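Shown below is the structure under consideration.
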Amino acid sequence: GCFCSDSRNTVPMTEATLTPMTEPDNAARYRRLRIFNIVVGLAFVAQIAVILKLSKPLSIPLVLGYLDRDPLINPDVIAKPVEVISIGIASSVAIFLACAALDHLLVAFPLRSWYERQLGRRANYARWIEYTFSSSLMVVLIVVVVGIRDLGAIIAIISTNSAMILFGLLMERKETPGTADWSAFWFSSAVSLAPWIIIVLFLTSASPPAFVFIIVILQFILFFSFAANMGLQYKQVGKWKDYIYGEYAYIILSIVAKSLLAWLIFANVLRPAGS
């Protein structure tokens, strides 16, 4: 499954060159999509309430290693880890769920007209803005669960993940399905591998519990399913010729990925003993 495309006839994605979708039942389809966004948004809100209500307090310290001797003179010197900040696990889970809830409810209510105009131009910038925050926090929680506590590494992972998402936004902003230059897509796919390479390096040199492997495997598959969904949209494969079909796929992937991560963390890390 390579989503390659001949970019010699690429047409920049501008309002002048775009043709809005012309299905006769667009209004009805948008109403159904609005209801779906409301249901998904409220589902995220309900999960936030339950997780915050039932979770035990747990914070994980993030550290930086500081050298107290010149490493050139003392090549065997080991940096001493110093706690810089700690992150609350339950609150972090609630925040990435809240980002998603806010996105879905905003496009269903105050941003509805703007959202539907975006869909007519085969784009949804709100999605990419939300993913920049929510998926970055999800990756942070994944690497923390794996055992990565170095604040410098985590900042780099957040930056890499954000770059992946913003390349996706750039693809939708500049390219038209069927005639796209795929550079942004491949750049996004390339940088997205960095956090997972770091995770694999940690997993191969440690012995984490089984649920950590489950989280990593499931989230890896789901994260790259988003890229597959975009690839199918831009290759105009089957039902993905309809942008709204791909929009539903993004929403379903989002709630599945976020809910799975939230409840796997809750069940194995945040659930009070004896409950």
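The values are calculated or read from the model by the stated rules, or taken from the named source; none is laboratory data. Note that the structure is a prediction, hence the values are computed from the model and not measured. Note that we place each Cβ from the backbone using ideal geometry, even for glycine, and neighbour counts take in every protein chain shown. Side chains are part of the model used for accessible areas, which takes the heavy atoms of the whole protein and leaves out ligands, DNA and RNA. Shrake-Rupley method; radii C 1.70, N 1.55, O 1.52, S 1.80 Å.
Please go through the range 65-97 and pick out each residue that is more than 26 Å from the chain's Cα centre (by Cα) and surrounded by 12 or more Cβ atoms within 10 Å (Cβ to Cβ).
To start, the set of residues in the range 65-97 that are more than 26 Å from the chain's Cα centre (by Cα) comprises 65-83.
Answer for the range 65-97, where residues must be more than 26 Å from the chain's Cα centre (by Cα) and surrounded by 12 or more Cβ atoms within 10 Å (Cβ to Cβ): Gly65, Val77, Ala79, Pro81.
Taking the conditions exactly as written (under 21 Å from Asn268 (Cβ atoms), open to solvent by 60 Å² or more (accessible area, probe 1.4 Å) and modelled with pLDDT of 95 or more), does Ile221 satisfy them or not?
Details: under 21 Å from Asn268 (Cβ atoms): yes; open to solvent by 60 Å² or more (accessible area, probe 1.4 Å): yes; modelled with pLDDT of 95 or more: yes.
Yes: the conditions hold for Ile221.
Could you identify the single residue in Pro24, Pro12 that is over 21 Å from Leu169 (Cβ atoms), assigned to a loop (DSSP other than H, G, I, E, B) and either at pLDDT 50 or above or in contact with a helix residue (DSSP H, G or I) (Cβ under 7 Å, 6 or more places away or on another chain) (or both)?
Pro24
Tell me which residues, restricted to the range 253-275, are open to solvent by 40 Å² or more (accessible area, probe 1.4 Å), within 20 Å of Ala210 (Cβ to Cβ) and touching a Ser or Thr at 6+ places or on another chain (Cβ under 9 Å).
Of everything in the range 253-275, just one residue is open to solvent by 40 Å² or more (accessible area, probe 1.4 Å), within 20 Å of Ala210 (Cβ to Cβ) and touching a Ser or Thr at 6+ places or on another chain (Cβ under 9 Å), namely Arg271.
What number goes with the only condition from (1) modelled with pLDDT under 95; (2) buried (at least 19 other Cβ atoms within 10 Å of the Cβ) that Met164 does not pass?
Just one mismatch for Met164, condition (1).
List, please: which pairs have Cβ atoms under 7 Å, are six or more places apart or on different chains, and start with a residue in the range 237-264 that is touching a residue at least 60 places away in the same chain (Cβ under 8 Å) and end with one that is of a type in the set (Val, Ile, Thr)?
From residues that are touching a residue at least 60 places away in the same chain (Cβ under 8 Å), the pairs are Ile251/Val40; Ile255/Val40; Leu261/Ile215; Ala262/Ile51; Ala262/Val93.
Follow-up question, since we're still on this one. For the range 206-231, what are the residues that are in contact with a Gly (Cβ under 7 Å, 6 or more places away or on another chain) and closer than 20 Å to Met164 by Cα?
Asn229, Met230
Ok, one more. Can you say whether Ser59 is touching a helix residue (DSSP H, G or I) at 6+ places or on another chain (Cβ under 6 Å) and either among the hydroxyl-bearing types (Ser, Thr, Tyr) or surrounded by fewer than 11 Cβ atoms within 10 Å (Cβ to Cβ) (or both), as far as the supplied structure shows?
no
Can you give me the ranges of the helices (runs of 4 or more DSSP H) entirely in the range 87-153 with at least 1 residues that are in contact with a strand residue (DSSP E or B) (Cβ under 6 Å, 6 or more places away or on another chain)?
Hits in the range 87-153: 125-146.
Sort through Leu42, Leu54 and tell me the only one that's under 30 Å from Gly147 (Cα atoms) and open to solvent by 40 Å² or more (accessible area, probe 1.4 Å). Lay out the reasoning, then the answer.
Working: Leu42 fails: under 30 Å from Gly147 (Cα atoms).
Result of the check over Leu42, Leu54: Leu54.
Same structure again: Residue by residue through the range 27-39, note down the ones that are modelled with pLDDT under 95 and open to solvent by 40 Å² or more (accessible area, probe 1.4 Å).
Result: Ala27, single match.
How about the range 47-86: which of its residues are part of a helix (DSSP H, G or I) and among the aliphatic types (A, V, I, L, M)? It would help to see each step written out before you state the result.
As a first pass, look at the range 47-86 and keep what is part of a helix (DSSP H, G or I): 47-54.
Scanning the range 47-86 gives Ile48, Ala49, Val50, Ile51, Leu52, Leu54.
Run down Ser183, Ser207, Ser159, Ser192 and say which single residue is open to solvent by 20 Å² or more (accessible area, probe 1.4 Å) and over 22 Å from Ile60 (Cα atoms).
Only one candidate qualifies: Ser183.
Quick one: how many residues across the range 190-236 are free of Cβ contacts under 8 Å to residues at least 40 places away in the same chain and over 14 Å from the mean Cα position of the chain (by Cα)?
11
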